[in-house]
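In what follows, a structure is listed as structure tokens, so that the remarks can point back to it.
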2 protein chains.
Amino acid sequence: MKIVIIGGVAGGAKAAAKSKRLLPDAQIDVYTQDTHVSYSACGLPYYVQGNFEDYHNLIIRTPEKFQKDGIDIHLQNRVTKIIPEQNKIIVHDLINDIEFEVEYDKLLISTGATPVMPDIKGIHLKNVFKLRTLEDGITLREKLRNSKKAVIIGGGYIGLELLEAFVANKVYTTMIERSEYIMPILDDELSELVQDFVVNMYPEYTSVINKDSVVEIVGEDTVRGVRTENGEYIEADLVLISAGVRPVVDIAEDAGILLGKTGAIKVNSRMQTNIKNIYACGDCCENVYSMTGTPAWIPLGSNANKEGRCAAINICGEVEDFEGVLGSAVTKYFGLTISMTGFTEKFAKKNGYDTVSVMITKRDKAGYMPDVENVTLKIVADRRTHQILGGQAIGCGDADKRINTLSTALIKYTTAEELAGADITYAPPFSTSIDPLISAARLLDEKLKK
Amino acid sequence: MKIVIIGGVAGGAKAAAKSKRLLPDAQIDVYTQDTHVSYSACGLPYYVQGNFEDYHNLIIRTPEKFQKDGIDIHLQNRVTKIIPEQNKIIVHDLINDIEFEVEYDKLLISTGATPVMPDIKGIHLKNVFKLRTLEDGITLREKLRNSKKAVIIGGGYIGLELLEAFVANKVYTTMIERSEYIMPILDDELSELVQDFVVNMYPEYTSVINKDSVVEIVGEDTVRGVRTENGEYIEADLVLISAGVRPVVDIAEDAGILLGKTGAIKVNSRMQTNIKNIYACGDCCENVYSMTGTPAWIPLGSNANKEGRCAAINICGEVEDFEGVLGSAVTKYFGLTISMTGFTEKFAKKNGYDTVSVMITKRDKAGYMPDVENVTLKIVADRRTHQILGGQAIGCGDADKRINTLSTALIKYTTAEELAGADITYAPPFSTSIDPLISAARLLDEKLKK
């Protein structure tokens, strides 16, 4: 049995290790254009910030360790073509600049996602960065230490995490986000609160520009600034592009592999594509929402890991169905936690749901405890069925605890009334006697029954 | 409509307030032998410790506020008898030492629970304390400040919280627990870990004695020490009894109200006792486990609050069914969090379940983050159905987050396989890419399928 895996960050690395455990005699090869495999891409912003010194900490398993376990890692080997009818791929060895063919019995595509690079003048100037690979992280960290003024294009998860990294390093940073507020993945009421927090946290190092976008990156050889659609010019010796990511599907598409409506590779619950013996996992592939079974593309390390594991099980001849995803996510900006699971209200509405929602702000623990903080919680239900569709929480208090508690309700069909009857742990250092999530569920239930 | 409520701490106070909102014209009277109503009893250990200065912070709603809202609070008025056939109670005014009768249309019994006071010599000596009422807390805090050596009898939640309070105040404290380890509500593997932590945290102020019990409290007028069954004598100028609580059901029982098999008052899902127009809520009444529908007596403030609310709704003529409880609970000992939901393995076994369980110790967040800590997690399932029955978590890491996440799965029938498919938020400062709860669920699922 010869298993070939394209890509080795999260899903690919996980699948390689799991396959070897299941089929110790299988020949397993991982081809990647990257200079590293099996690392925590989600940890890159914290490495850039300086939360820890050695990037090796991000590496889960070295190529040598893979080798020792009988898995062959081929770094800087880009797969350029899949030939399904011959069960072959074509690989371009980037170091020796040669091409060769590799046969497979089973092929797993785990090519990930790539930052969307806007098609503007100056995008290739020196000190214009993206953050996707470990290499990117190492370069960015080094440059950041000698930077004074930065621009971050795009205010999503990566943008926000890097804003913290930049500001913590006392680099004056302007974030440019085309939406009304940063973190536009959230409903507006919440992203407005996030933006308020960000703007007020370290005003001496932070500026946020909304409803505008960069039309040119200015400089000769090295970046000097950016020019925006609204005519602003912002000086910068470092520009970071975090304007979203897109699934890497080019070689898959060329080979006749179908994409889903999200634009990522379509797989069934066993991670199989439409072509025999070809599987996909991780950020390059589409999934379904657990609550609704509708298409979901949620490029996150947690999903990639689980999908890689599931793909390996099915590749190795056992059977496992992937249960779907919720889009559960969390990040922080200094003391502020931002977390969500399931649908936001705007996403639900866009997908045809008639929604009812509530938003509350409550203390996260007993008011008399010294470290009490607030948490703002919004939960959304379907008006007809009362099913909970999702929730969002932000706050300096324990926001992600409430979202995780909600997330488990979403893997089963759960109504607002049922959620209001949940039994959540209480002690004064941890919660209020009626947890904010229960309060929100009760309010939502009352609203639904009106 | 005349609603009479016996007891006013959590359930009773909640029910009074809720009833007034639902029926603004109702006459609502709360009778209590206590000197205060509507306070956070769960906050008492933190007040004793000195986490905050003013005990008024514990009071949720003063008698004056109740009065203003049209609710009459009768402090230090002990209800001595219920006469259901006449819809009457007999009240003993403790201040003026007079008895009188009060009529009701609806009666709510919320008499709570009371510490079990062992029947030993010296139990009534000065400086032998219990901690149940606000009054108890005020006295204990004052005494603690002038204490050098204390004994705590019983190592459950209250005992442990007060051990922290005592040790934090540099009072040398010996805890005596008759079980093999303290926190015997947990499975032994976990309570052993808790005890290890406690013993090693501040060894200069802490001693724990197991498998022994106090047979005499020694002293003339004031306590000087305790003598144990195994013949030890321990000096103490303060003794705290935290050897469990029992439901206060005497007047209910006298009136012919049925108790359940747990010894607490039996109610249906609308909080009605077997006698017309008489309801019960809070620590004095029995409930059912959400997962199994079997009897549960879980005397906790969170349950009391919810039951009080539910009782009020039904008393006021609307309909609401109480969904049951899980026994979700949390506490801490300095940096160690201890949390549980549902059945422990020993409880499940005692109740006839054939159980399968796993216990794992994992990092609570990405290993490279500076504040990473461990969490030890045990989850238990039914061998036949694979249904998850409960979980316990301890650790200096974020243990209660995992238990709350599990708890929501327990309100619905959820198998280990389903739980393994949960989608829990991940970012390096908050979790590992595969959350410890998912890891545990996967292991448990594999074990169940073997």
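Can you pull the semi-axes for the range B:185-274, root of five times each eigenvalue of the Cα gyration tensor, sorted largest first, whole Å?
Here the semi-axes work out to 37, 22, 11 Å.
Among bridges DSSP assigns within the protein assembly as shown, what percent are antiparallel (round to 5)?
60 percent
If the reach is capped at under 15 angstrom between alpha carbons, list the aspartates and glutamates near B:LYS149, excluding any in the same chain fewer than eight residues apart.
The reachable aspartates and glutamates, counting only those whose Cα sits under 15 Å from B:LYS149, are B:GLU164, B:GLU204, B:GLU235, B:ASP237.
Please state, rounded to one decimal and in Å, the Kirkwood hydrodynamic radius that the range A:124-214 gives when every pair of distinct Cα atoms enters the mean of 1/r.
Over the range A:124-214, the inverse of the mean reciprocal pair distance is 13.5 Å.
A:THR294 label points, 7 Å along Cα→Cβ, one per copy: pairwise distances from this copy to the rest in nm, shortest first?
4.1
Debye sum, Cα scatterers, the range A:240-302, no solvent: what log₁₀ I/I(0) at q = 0.20, 0.23, 0.29, 0.30 1/Å?
Computed log10 I(q)/I(0) values: -0.75, -0.95, -1.34, -1.40.
Multiplying the sequence separation of A:GLU101 and A:THR114 by 0.36 nm and subtracting their Cα-Cα distance, what value in nm do you get?
Separation in residues times 0.36 nm, less the Cα-Cα distance, equals 2.2 nm.
Can you tell me which of A:ASN351, A:ASN374, A:ASN169 moves the most in a GNM of chain A? Springs connect C-alpha atoms under 10 Å apart.
Per the Cα network of chain A with a 10 Å cutoff, A:ASN351 tops the list.
Mind listing the long-range amide H neighbours of B:PHE129? Cut-off is under 5 Å, sequence gap 5 or more, other chains count too, H placed in the peptide plane at 1.01 Å from N.
B:VAL239, B:LEU240, B:ILE241
Can you give me the P(r) profile for the range B:370-448? Cα pairs, bins 5 angstrom wide beginning at 0, each as a whole percent.
3, 16, 29, 26, 15, 7, 3, 1, 0
Residue by residue through B:134-145, how many Cβ atoms from other chains fall within 10 Å of the Cβ on average?
What the average comes to for B:134-145 is 0.
In a Debye calculation with equal point scatterers on the alpha-carbon sites of the range A:315-445 and no solvent, what is log10 I(q)/I(0) at q = 0.13, 0.15, 0.22 Å⁻¹?
Those come out to -0.53, -0.68, -1.28, one per q.
Counting every Cα pair in chain B, what percent are over 43 Å apart?
Result: 17 percent of Cα pairs exceed 43 Å.
Translational D (Stokes-Einstein, µm²/s) of the range B:227-272 at 25 °C and 0.890 mPa s when Rh comes from the Kirkwood sum over C-alpha pairs?
174 µm²/s
Using only Cα atoms, locate the centre of the range A:143-165 and the centre of the range A:377-405, then give the distance between them in Å, rounded to an integer.
Using only Cα atoms to place each centre, the spacing works out to 29 Å.
Given 0.36 nm per residue, what is the gain on full extension from A:TYR413 to A:GLU180 after removing their alpha carbon distance, in nm?
Gain on extension, A:TYR413 to A:GLU180, equals 80.5 nm.
What residues have an amide H closer than 5 Å to that of B:ILE83, excluding those fewer than 5 places away on the same chain, when H is modeled at 1.01 Å from N in the peptide plane?
Placed amide hydrogens put B:LYS88, B:ILE89, B:ILE90 under 5 Å from B:ILE83.
Any idea what log10 I(q)/I(0) is at q = 0.09, 0.19 Å⁻¹ for the range A:1-114, Debye with uniform C-alpha scatterers and no solvent?
So the normalised log intensities are -0.25, -0.98.
What does the net charge come to around B:GLU229 if you take all other residues with beta carbon closer than 10 Å to its beta carbon, with K and R at +1 and D and E at -1?
Result for the local shell: 0.
Can you list residues whose amide H is under 5 Å from B:THR355's amide H, if they're 5+ apart or on another chain and H is modeled 1.01 Å from N?
Amide H to amide H, under 5 Å and 5 or more residues apart or across chains, B:THR355 pairs with B:ARG383.
Tell me, what is a quarter of the convex hull surface for the C-alpha atoms of the range A:59-152, in nm² with one decimal?
9.3 nm²
Hey, with R₀ at 35 Å, roughly what FRET efficiency would B:VAL215 and B:PHE334 work out to, going by the Cβ-Cβ distance, to 0.05?
0.70
State the dimensionless ratio Rg/Rh of the range A:74-118 (Rg: radius of gyration of Cα atoms; Rh: Kirkwood radius).
Taking Rh as the inverse mean 1/r over Cα pairs, Rg/Rh reads 1.03.
In Å², what does the accessible area per residue of chain B work out to with a 1.4 Å probe?
I get 39 Å² per residue for this part.
Taking the radius of gyration and the Kirkwood hydrodynamic radius from Cα positions alone, what is the Rg/Rh ratio for the range A:266-392, to two decimal places?
That ratio is 1.09, to two decimals.
Can you give the local net charge around B:GLY327? Use residues other than it whose beta-carbon is closer than 15 angstrom to its beta-carbon, Lys and Arg +1, Asp and Glu -1.
-4
At B:TYR233 and B:LYS346, where each label point lies 7 Å from the Cα along Cα→Cβ, what is the point-to-point distance in nanometres?
Output for this residue pair reads 3.3 nm.
Out of the DSSP beta bridges found with both residues in the range B:62-209, what percent are antiparallel (nearest 5)?
55 percent
Picking from B:GLN387, B:GLN67, B:GLN33, which is most flexible by a Gaussian network model of chain B using Cα springs under 10 Å?
Checking each option, the largest mean-square fluctuation is seen for B:GLN67.
Using θ = phi - 60° and the Karplus relation 6.51 cos²θ - 1.76 cosθ + 1.60, list the HN-Hα couplings for the range B:47-64 in order, rounded to whole Hz, with x at every Gly or Pro.
In residue order, the calculated couplings are 5, 4, 5, x, 5, 8, 8, 9, 5, 4, 4, 7, 7, 7, 8, 7, x, 5 Hz.
Using the Kirkwood radius over C-alpha pairs as Rh, can you work out the diffusion coefficient of the protein assembly as shown via Stokes-Einstein at 25 °C, viscosity 0.890 mPa s, in µm² per second?
For these conditions, the coefficient is 82 µm²/s.
Rank A:LYS449, A:LYS350 by accessible area, highest first, at a 1.4 Å probe radius?
A:LYS350, A:LYS449
Taking a label point 7 Å from Cα toward Cβ, how far is A:PHE100 from its twins in the other copies, in nm, shortest first?
Relative to the other copies, A:PHE100 has label-point distances of 9.9 nm.
Mind grabbing the accessible area of A:THR344 for me, 1.4 Å probe, Å², rounded to tens?
Rounded to the nearest 10, that gives 10 Å².
With only Lys, Arg, Asp and Glu charged, each at its Cβ (+1 for the first two, -1 for the last two), find how big the charge dipole of chain B is about the Cα centre; round to the nearest 20 debye.
Charge dipole of chain B: 660 debye, to the nearest 20.
Quick one: which bits of the range B:280-307 get at least 20 Å² less accessible when the partner protein chains are in, versus the chain alone, with a 1.4 Å probe?
Residues of the range B:280-307 that lose at least 20 Å² of accessible area once the other chains are added: B:SER302, B:ASN305, B:LYS306.
Read phi for every residue in the range A:384-390 and hand back ³J(HN,Hα) as whole Hz from Karplus 6.51 cos²θ - 1.76 cosθ + 1.60, θ = phi - 60°, with x for Gly and Pro.
Couplings: 6, 9, 6, 5, 6, 9, x Hz.
Would you please state which residues of the range B:12-34 a label at B:LYS65 would reach in this model, taking the label point 7 Å out along Cα→Cβ and a backbone N cut-off of under 14 Å?
Under 14 Å, as judged by backbone N against the label point of B:LYS65, lie B:13-18 of the range B:12-34.
Can you give the calculated 222 nm mean residue ellipticity of chain B, where each DSSP H run of n ≥ 4 adds -39,500 (n - 2.57) and the sum is split over every residue, rounded to the nearest 500 deg cm²/dmol?
Value at 222 nm, helices only: -7500 deg cm²/dmol.
Return, ordered by residue number, the residues of the range A:363-380 whose backbone nitrogen is under 16 Å from a label point located 7 Å along Cα→Cβ of A:LYS450.
A:379-380
Using r as the Cβ-Cβ distance of B:ASP25 and A:SER269, and R0 as 51 Å, what FRET efficiency do you calculate, to the nearest 0.05?
E between B:ASP25 and A:SER269, to the nearest 0.05, is 0.30.
If you restrict to DSSP beta bridges whose two residues both lie in the range B:148-238, what percentage is antiparallel, to the nearest 5?
Within the range B:148-238, antiparallel bridges account for around 40 percent of the total.
With a 1.4 Å probe and every protein chain kept in, tell me what percent of the accessible surface of the range A:76-196 is carbon plus sulfur.
46 percent
Given the protein chains as shown and a 1.4 Å probe, how many square angstrom of A:HIS92 are accessible, to the nearest 10?
Only protein atoms counted, so the area is about 50 Å².
Where the accessible area of the range B:323-417 is counted over protein heavy atoms with a 1.4 Å probe, how much of it, in %, is carbon and sulfur?
45 percent
Relative contact order for the range B:343-419: what is it in percent, counting Cα pairs under 8 Å that are at least 6 residues apart?
Taking the mean separation of contacting Cα pairs over the length of the range B:343-419, I get 27 percent.
Between the label point of A:LYS65 and that of the same position in each other copy, find the distances and list them shortest first in nm, with every label point placed 7 Å from Cα along the Cα-to-C-beta direction.
Taking the point 7 Å beyond Cα along Cα→Cβ, the inter-copy spacings are 5.4 nm.
Can you tell me the relative contact order of chain B? Whole percent, Cα pairs under 8 Å, sequence separation 6 or more.
Dividing the mean separation by the residue count of chain B yields 13 percent.
Net charge near A:ASN87: determine it from the other residues with C-beta under 12 Å of the C-beta of A:ASN87, scoring Lys and Arg +1 and Asp and Glu -1.
Around A:ASN87, the surrounding residues sum to 0.
Under the Karplus relation 6.51 cos²θ - 1.76 cosθ + 1.60, θ = phi - 60°, what is the ordered set of whole-Hz ³J(HN,Hα) values for the range A:416-422, x standing for Gly and Pro?
4, 4, 5, 5, 5, x, 5
Could you order B:THR133, A:THR228, A:THR361 by accessible surface area, starting with the largest, using a probe radius of 1.4 Å?
Output order, biggest surface exposure first: A:THR361, B:THR133, A:THR228.
Say the cut-off is 31 Å between C-alpha atoms; which of A:LYS362/B:LYS68; B:LYS130/B:LYS365; B:LYS332/B:LYS365; A:LYS349/B:LYS412; A:LYS346/B:LYS412; B:LYS143/B:LYS362 go over it?
Too far apart for the 31 Å limit: B:LYS130/B:LYS365; B:LYS143/B:LYS362.
Quick one: compute the contact order of the range B:304-450, relative version, from alpha carbon pairs under 8 angstrom and 6+ residues apart, as a percent.
The value is 23 percent.
Could you report the accessible area of A:LEU258 in Å², rounded to 10, computed with a 1.4 Å probe on the protein chains as they sit in the structure?
100 Å²
The values are calculated or read from the model by the stated rules, or taken from the named source; none is laboratory data. Bear in mind that the values here come from a model prediction, so they are computed numbers and not experimental data. Glycine also receives a Cβ, built like all others from the backbone with ideal geometry; neighbour counts cover every protein chain displayed. Just so you know, the surface numbers come from the protein's heavy atoms only, side chains and all, with ligands and any DNA or RNA stripped out. Shrake-Rupley method; radii C 1.70, N 1.55, O 1.52, S 1.80 Å.
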